[in-house]
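Novice: Sharing a structure here in structure tokens format.
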């Protein structure tokens, strides 16, 4: 093990409902794992929606700064945190190395540029967020900041072969690209939390069009009468689809309507236990690079249903950890029905799902790779 390191992880945004999603989950898991190995790791991020800026997040120490809307109408990309950049130039520079969870935004890019002036090493991890794009915001930002940041990073971590190819297309030899998979903690095995008498089919993700929550509701509508004891639940913050989801649920017959619901957002520290209560996790989104929710569900021994364009489709199919389907709702219905019809099949698939995480996506392996990258 290398000597104790002071490591600064930088992410874009913390909110009470975890709206920024996977990149923050990844960063939190990495900080927690590094601290367990004796390193002084901390997460630094902009924050919004809190009464008081948090100093801990899902059990790890954080340093947070107010998020400022610098460019209206651009979502997360238009956020900035000037106070964070100033802090990194002074207090933050006392760390040995920085790990920037980089996006095309005005939080992480200026933070990485400020850190690079210290002359100390840093790595970037882009989580599929920096890829060739026709968005008018992308090219000028890459020319001014992104290319310079990536060129100065000692390592740029890519999650998948597709992301690796995208980074090389954008930055060529300026980028030192290496692959790094996401990992998740493996919960302790114990009494199953799912209720076998009333199996719950769960969608836990942002209610965004790309996540296809309406496809989940449509599948639930077709399955509810066939499986009268099953429940179908959506959990996650609204990002444009909540009204349509509510409307479709309201149109269902009375009994089905009582068993299809949207619970709203859930704080990130409660998602693992919420997943463990479900009998089946369904994520019908398309072109999902590497969904953390799928890994977390499998770590809890919950089988999953994902689409073929999901970055985890191949390992799920290879390990028999769930079902991989097309984008058609009929395919989704058939896959969910197969699990609801056969509890023994569901349980056996969940065991294989947990084993897949244990073998290929452990946080111990990820932490070892990070230590090597930080000291390379």
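Novice: So which residues in region 293-314 are surrounded by fewer than 21 Cβ atoms within 10 Å (Cβ to Cβ) and in a helix (DSSP H, G or I), if there are any at all?
Specialist: Of everything in region 293-314, those that are surrounded by fewer than 21 Cβ atoms within 10 Å (Cβ to Cβ) and in a helix (DSSP H, G or I) turn out to be 313, 314.
Novice: Working carefully through the options 335, 265, find the one that is over 21 Å from the mean Cα position of the chain (by Cα) and over 19 Å from residue 184 (Cα atoms).
Specialist: Unique residue meeting the criteria: 335.
Novice: Take region 343-368 and flag every residue that is part of a helix (DSSP H, G or I), in contact (Cβ under 8 Å) with a residue 60 or more places away in the chain and either in contact with a strand residue (DSSP E or B) (Cβ under 8 Å, 6 or more places away or on another chain) or closer than 26 Å to residue 229 by Cα (or both).
Specialist: Passing the criteria: 343, 346, 354, 357, 363.
Novice: Here is a further query. If you take the residues of region 45-63 that are surrounded by 12 or more Cβ atoms within 10 Å (Cβ to Cβ) and in contact with a helix residue (DSSP H, G or I) (Cβ under 9 Å, 6 or more places away or on another chain), which of them is nearest to residue 101 (Cα to Cα)?
Specialist: 45
Novice: Okay, moving on. Checking residue 328 against (1) out of contact with any strand residue (DSSP E or B) (no Cβ under 9 Å at 6 or more places or on another chain); (2) over 23 Å from residue 219 (Cα atoms), which test does it fail?
Specialist: If we test residue 328 against (1) out of contact with any strand residue (DSSP E or B) (no Cβ under 9 Å at 6 or more places or on another chain); (2) over 23 Å from residue 219 (Cα atoms), just (2) comes out false.
Novice: Return yes when residue 243 is farther than 13 Å from residue 332 by Cβ, at pLDDT below 95 and assigned by the TED database to the domain that holds residue 331 and no when it is not.
Specialist: No.
Novice: Check whether at least one residue in region 51-60 is over 21 Å from residue 153 (Cα atoms), part of a strand (DSSP E or B) and touching a residue at least 12 places away in the same chain (Cβ under 8 Å), and report yes or no.
Specialist: yes
Novice: Hey, another quick one. Would you point out the residue of region 15-44, among those that are modelled with pLDDT of 95 or more, outside any helix (DSSP H, G or I) and out of contact with any helix residue (DSSP H, G or I) (no Cβ under 6 Å at 6 or more places or on another chain), that is surrounded by the fewest Cβ atoms within 10 Å (Cβ to Cβ)?
Specialist: Among them, the one singled out is 38.
Novice: I'd like the full set of residues that are touching a residue at least 40 places away in the same chain (Cβ under 8 Å), farther than 10 Å from residue 199 by Cα and touching a strand residue (DSSP E or B) at 6+ places or on another chain (Cβ under 7 Å), limited to region 224-235.
Specialist: Selection gives 233 alone.
Novice: While we're looking at this one, here's another question. Hand me the list of helices (runs of 4 or more DSSP H) wholly inside region 64-174 holding 3 or more residues that are touching a helix residue (DSSP H, G or I) at 6+ places or on another chain (Cβ under 8 Å) and either under 27 Å from residue 366 (Cβ atoms) or in the same structural domain as residue 311 (by the TED database) (or both).
Specialist: 108-116, 147-152, 161-171
Matching residues to (1) over 23 Å from the mean Cα position of the chain (by Cα); (2) more than 26 Å from residue 31 (Cα to Cα):
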{"site": "139", "(1), (2)": "yes, yes"}
{"site": "161", "(1), (2)": "no, no"}
{"site": "165", "(1), (2)": "no, yes"}
{"site": "169", "(1), (2)": "yes, yes"}
{"site": "176", "(1), (2)": "yes, no"}
{"site": "185", "(1), (2)": "no, no"}
{"site": "188", "(1), (2)": "no, no"}
{"site": "196", "(1), (2)": "yes, yes"}
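The values are calculated or read from the model by the stated rules, or taken from the named source; none is laboratory data. Values in this document were obtained by computation on a predicted structure and should not be read as measured data. Glycine also receives a Cβ, built like all others from the backbone with ideal geometry; neighbour counts cover every protein chain displayed.
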